[in-house]
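Working notes for the structure below.
Just so you know, all these numbers are worked out from the coordinates, no wet-lab data involved. Keep in mind that what you see is a predicted model, and the values were worked out from it rather than measured. Here the Cβ is made from the backbone with ideal geometry for all residues, glycine too, and neighbour counts use every protein chain on show.
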Amino acid sequence: MTALNSLAPGKSAIIHSFSDEATACKMMSMGILPGSKVKLIRKAPFGGAIYIKADNQQFAIRNNEAECVVLK
């Protein structure tokens, strides 16, 4: 299993779980749930935001939040 921030741009994976409870609450309130297919669109330079597409919606999340998203 790997973290969302280590996924290469353009690649897709399925969310398995979250490693941090606060991040899990935030992601689930946005509709990003375990079992959702997520695609990494691009990474901002200098460790900034990560742009993802999950269930036909696009999101920008922080790099430290992406570290807490565990993928299958």
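Phi angles across region 54-64 convert, under the Karplus curve 6.51 cos²θ - 1.76 cosθ + 1.60 with θ = phi - 60°, into 3J(HN,Hα) values of 10, 6, 6, 10, 9, 9, 10, 10, 6, 4, 5 Hz, Gly and Pro given as x.
Could you give the size of the charge dipole of region 33-72 about its Cα centre, using +1 on the Cβ of each K and R and -1 on the Cβ of each D and E, expressed in debye and rounded to the nearest 20? Could the numbers behind the result be given before it?
Details: 7 positive and 3 negative charges, 37 e Å.
Magnitude of the dipole: close to 180 debye.
For Ser12 and Ala44, the difference between the fully extended length at 0.36 nm per residue and the C-alpha to C-alpha distance is 9.7 nm. A simple charge model with +1 on the Cβ of Lys and Arg, -1 on the Cβ of Asp and Glu and nothing else charged puts the dipole of the chain at about 340 debye relative to its Cα centre.
Put in line by how crowded their Cβ is, counting other Cβ atoms within 10 Å and starting with the fewest, Val69, Val38 read Val38, Val69.
Once every Cα of region 1-49 carries one equal point scatterer and solvent is ignored, give the base-10 log of I(q)/I(0) from the Debye formula at q = 0.21 Å⁻¹, two decimals. After summing over all Cα pairs, the log10 values are -0.82.
So what is the calculated 222 nm ellipticity per residue for the chain, using -39500 (n - 2.57) for each DSSP H run with n of 4 or more, over all residues, to the nearest 500 deg cm²/dmol? Helix-only estimate at 222 nm: -4500 deg cm²/dmol. For the pair Ser36 and Glu67 in one chain, pulling the backbone fully straight at 0.36 nm per residue adds 9.5 nm over the alpha carbon distance.
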